[in-house]
Amino acid sequence: MLTRRQLLKIGGTTLGGVALGGSWARLAHAAASDMRFVFAYFSGGWDILLGLDPRDPVEFSSEDISATLIQPGYELLQNRPNAGLIRAGGLTFGPFIGELTRHADKMAVIRGMSMETLTHEAGRRRFITGKPPSGLLARGSSIATFLASKLGEDHPIPNLAIRVESYNVDQPSYATALAASGVPDLVRALRPAEPKLTPAEDGAIDALLAESARCNSALRSPAWRVAEASRLKAREMTTKNLAGLFDLTNNDALRTRYGVPAGAAGLGSPEAQAAMAAQAIMGNVSRAVSIEATSGLDTHFREWTTDQGPRQERGFNAIARLADHLAASEYQGTGQSWLDHTIIVGFSEFSRTPLINAREGRDHSLTNASFILGAGIRGGVTVGASSDVGMQPQPVDLATGRVDMGGQVPRPEHVLQTMLELAGISGDPDDLRVPPIRAMMR
Amino acid sequence: MKQLTLVLALSFACSEAKLPITPPGPTPSPTVSPSPSASPVDVPVGVGDPHGGVLIPPEPPPEVEPRARRRMDLDQLDHAIRQVTGGIGWTEMRGQTEVNLFVELAATLGKPDFLARTEEDLVPSAMFQKFLDDAARSSCQALMRDDPDRPTAARTFFIEAAPEDTLTNDREAVEKNLRALLLRFHGRRLAADDAGLEPWTWFFSRAEHTGISPAGTWRAVCVSLMTHPDFYLY
């Protein structure tokens with residue numbers, strides 16, 4: 001069976017992009033339409049020195065801080081004595097990368113990325129949309145919304161977002177995220193409407209609302225049109241018995257697999273959200289799922305020494321278990337795994353300063369990193385690097401991934417464009433205005 | 001076939017299509033002379049046509065475009081439901097505590113926490129619609145239970161009709177009650193012969209034809225009124 005990339009290669013080299021039509025184009029589209037996407041948000045601004053962009057504390061010692069402007073500070077971490085670098089699958093990580101090392105061979109890391117902001121909302125919205133916000137207002141739809149719109153409306157909830165913002169400014173309403181603040185709220189939303197009415201009463205209400213929506217005043221109103229589309233979507237969602245799929249309270253096997261903490265509080269945990277993402281993807285409920293992999297990373301004070309690392313690690317572990325689950329599950333009788341058809345991207349709004357402040361914490365830094373793993377990703381690859389003085393963003397040759405002063409400084413939109421390219425969506429229809437990072441594409 | 005005929009017979013026209021429409025007048029033309037019988041127009045010196053011809057009539061007032069509809073925020077919606085039901089909200093008893101579900105689900109329904117979110121998401125999304133439906137069913141069920149026992153003057157739903165009234169046994173009471181409910185829930189004051197009433201009488205006809213009990217019909221009317229965009233969009 002030809003892979004999507006093989007098909008595209010054939011189209012690009014022998015038939016030409018324009019000539020790729022008819023059945024070839026349909027085949028290529030079918031392959032692309034098999035992709036799923038998980039966006040894992042690490043909330044608060046992660047310290048990349050502890051995870052994705054570490055420095056060797058021997059090389060970057062305390063004595064040289066004035067020259068390097070980089071302070072790994074691993075010796076200050078209270079719950080990880082003798083913390084050091086971790087190497088796996090050709091990648092080097094900080095001490096709190098956790099179980100994600102298991103997937104290093106399927107993962108690429110982008111370093112030296114510029115967020116161009118030190119504001120939480122602006123950085124988060126920049127990464128979610130691939131466009132610099134206007135002030136704090138998102139300018140454009142979320143990439144998850146865009147992908148859901150391009151991949152079709154066949155799934156019951158094409159775009160699902162738990163504790164992550166989502167925007168739809170220019171895409172069809174079916175692509176709007178079903179957004180919930182936690183797994184319990186999602187389960188409640190997917191249950192049939194309650195209290196129950198008789199089918200005849202339900203039918204009468206539905207008929208009246210549907211007829212009203214066909215009137216001129218309704219058709220002239222964008223809000224009414226969205227409301228009616230949403231009403232129909234809500235009705236569809238609740239008739240598909242999806243609540244049970246996400247109800248972890250009675251699913252001990254899933255809770256154990258992900259390590260979901262006991263009790264109701266556990267249902268809001270990173271582990272529960274990762275489990276929910278797996279259910280949404282493998283249950284064929286959603287094409288794009290956004291979750292908050294962890295939170296509480298905005299450690300300006302002494303909590304950096306105690307909380308930053310463990311919180312990051314908890315998020316990495318949750319994503320690693322999700323990847324384990326996807327990798328161990330066969331994709332619809334093909335002999336391939338679900339991970340072969342899923343891309344997971346991990347991101348945060350920005351990172352933290354390479355120097356520790358006077359309060360034993362780290363402040364905001366616009367230099368960022370990101371990881372992307374799964375389908376079509378060249379594993380064990382590092383794209384770019386932050387500078388060895390002050391960890392500044394640096395330009396990169398997007399084809400080789402090496403630092404190159406003639407290249408481009410990586411930004412979130414490069415990562416998002418790469419995801420679109422991997423989904424078979426070329427030509428920059430989302431107006432990201434940057435090329436993909438081919439260095440991390442297989 | 002019989003069902004199809006019933007559906008066709010019961011389908012209603014949009015009320016606004018039947019509203020009396022003022023026929024558009026002739027397009028004012030700046031070159032048409034006033035008729036001899038028209039009153040003279042006072043024109044300040046120097047405003048007339050420099051060529052000594054026809055006076056240019058004053059610009060017609062700009063057409064006022066209706067404002068785009070906007071969804072109520074959660075507080076407004078919670079308040080509006082309590083207002084129309086006479087104090088019944090969307091709540092759930094947990095032990096001895098009455099939990100306001102609009103408060104409990106506020107984050108999911110897009111209310112700002114002023115930490116991660118600073119403005120309310122007012123999109124009438126699928127999540128909003130689902131929970132609006134739940135809220136309407138819950139508060140309408142309580143309203144159907146409580147309202148008949150209230151003193152007549154304090155009733156908010158069975159204002160002009162009784163729970164057992166139908167179009168067949170008391171059309172006038174049903175229509176009067178529907179008009180009262182449309183005023184209460186949607187702020188629309190309708191005359192007895194107003195076309196805007198038609199969808200709701202049609203609703204009653206349909207309910208009778210499909211065998212819904214009178215109590216069930218009124219409950220469904222309540223849920224429809226509350227989930228209708230005229231309730232939560234303004």
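The values are calculated or read from the model by the stated rules, or taken from the named source; none is laboratory data. The structure displayed is predicted, hence computed values, not measured ones. Here Cβ is always computed from backbone atoms with ideal geometry, including for glycine, and neighbour counts include all displayed protein chains.
Do you know which residues across the stretch A:126-173 are within 15 Å of the chain's Cα centre (by Cα) and aliphatic (A, V, I, L, M)?
Of everything in the stretch A:126-173, those that are within 15 Å of the chain's Cα centre (by Cα) and aliphatic (A, V, I, L, M) turn out to be A:Ile128, A:Ile143, A:Ala144, A:Leu147, A:Ala148, A:Leu160, A:Ala161, A:Ile162, A:Val164.
If you scan the stretch B:64-122, which residues turn out to be of a type in the set (A, V, I, L, M, F, W, C) and either away from chain A (no Cβ under 12 Å) or part of a helix (DSSP H, G or I) (or both)?
Passing the criteria: B:Val64, B:Leu74, B:Leu77, B:Ala80, B:Ile81, B:Val84, B:Ile88, B:Met93, B:Val99, B:Leu101, B:Phe102, B:Val103.
Looking at A:Ala122, A:Ala189, A:Ala148, which is the one that is aliphatic (A, V, I, L, M), under 30 Å from A:Thr249 (Cα atoms) and more than 11 Å from chain B (Cβ to nearest Cβ)?
A:Ala148 is the lone residue from the list that is aliphatic (A, V, I, L, M), under 30 Å from A:Thr249 (Cα atoms) and more than 11 Å from chain B (Cβ to nearest Cβ).
Checking A:Gly361 against (1) in a loop (DSSP other than H, G, I, E, B); (2) crowded, with 24+ Cβ neighbours inside 10 Å, which single condition isn't satisfied?
It fails just one condition, (2).
With the requirement that a residue be at the interface with chain B (Cβ under 7 Å from one of its Cβ atoms) and either in contact with a Cys (Cβ under 8 Å, 6 or more places away or on another chain) or closer than 21 Å to B:Phe102 by Cα (or both), what does the stretch A:192-210 give you?
A:Ala193, A:Glu194, A:Pro195 - these are the residues of the stretch A:192-210 that are at the interface with chain B (Cβ under 7 Å from one of its Cβ atoms) and either in contact with a Cys (Cβ under 8 Å, 6 or more places away or on another chain) or closer than 21 Å to B:Phe102 by Cα (or both).
Across the stretch A:152-211, which residue is modelled with the highest pLDDT among those that are among the polar types (S, T, N, Q) and under 21 Å from A:Glu228 (Cβ atoms)?
A:Asn159
In the list A:Ala275, A:Ala177, A:Ala243, which residue meets the criterion of being crowded, with 20+ Cβ neighbours inside 10 Å, within 25 Å of A:Ser286 (Cα to Cα), out of contact with any strand residue (DSSP E or B) (no Cβ under 9 Å at 6 or more places or on another chain) and more than 8 Å from every other protein chain (Cβ to nearest Cβ)?
A:Ala275
Okay, residues lined up against (1) within 20 Å of A:Ser217 (Cα to Cα); (2) within 14 Å of another protein chain (Cβ to nearest Cβ); (3) of a type in the set (A, V, I, L, M, F, W, C):
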residue	(1), (2), (3)
B:Gln141	no, yes, no
B:Met144	no, yes, yes
B:Phe157	no, no, yes
B:Glu172	no, no, no
B:Leu197	yes, yes, yes
B:Ser205	no, yes, no
B:Ser224	yes, yes, no
B:Thr227	yes, yes, no
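How about the stretch B:164-234: which helices (runs of 4 or more DSSP H) wholly inside it have at least 1 residues that are surrounded by fewer than 23 Cβ atoms within 10 Å (Cβ to Cβ) and over 17 Å from the mean Cα position of the chain (by Cα)?
B:167-186, B:198-209, B:214-227
Does A:Ser149 qualify as being in contact (Cβ under 8 Å) with a residue 24 or more places away in the chain and assigned to a helix (DSSP H, G or I)?
yes
Working only within the stretch A:108-142, note down all residues that are among the β-branched types (Val, Ile, Thr), in contact with a helix residue (DSSP H, G or I) (Cβ under 7 Å, 6 or more places away or on another chain) and surrounded by fewer than 24 Cβ atoms within 10 Å (Cβ to Cβ).
A:Thr117
Tally time: how many residues in the stretch A:211-221 are closer than 21 Å to B:Phe131 by Cβ and facing another protein chain (nearest Cβ under 7 Å)?
Residues that pass the stated criteria total 1.
May I ask you to list the residues in the stretch B:146-155 that are in a helix (DSSP H, G or I) and either facing another protein chain (nearest Cβ under 9 Å) or more than 28 Å from A:Gly203 (Cα to Cα) (or both)?
Matches in the stretch B:146-155: B:Asp149, B:Thr152, B:Ala153, B:Ala154.
Of the residues in the stretch A:329-358, how many are in a loop (DSSP other than H, G, I, E, B), surrounded by fewer than 16 Cβ atoms within 10 Å (Cβ to Cβ) and touching a strand residue (DSSP E or B) at 6+ places or on another chain (Cβ under 8 Å)?
Qualifying residue count for the region: 2.
Which residue is nearest to A:Ser181 (Cα to Cα), if the candidates are limited to the stretch B:102-126 and must be buried (at least 20 other Cβ atoms within 10 Å of the Cβ) and in contact with a strand residue (DSSP E or B) (Cβ under 6 Å, 6 or more places away or on another chain)?
Step by step, filter the stretch B:102-126, then rank; the result is B:Thr108.
Scanning the stretch B:103-148 for residues that are within 21 Å of A:Ala213 (Cβ to Cβ) and among the polar types (S, T, N, Q), which turns out nearest to the chain's Cα centre (by Cα)?
Ranking the qualifying residues of the stretch B:103-148, first place goes to B:Gln129.
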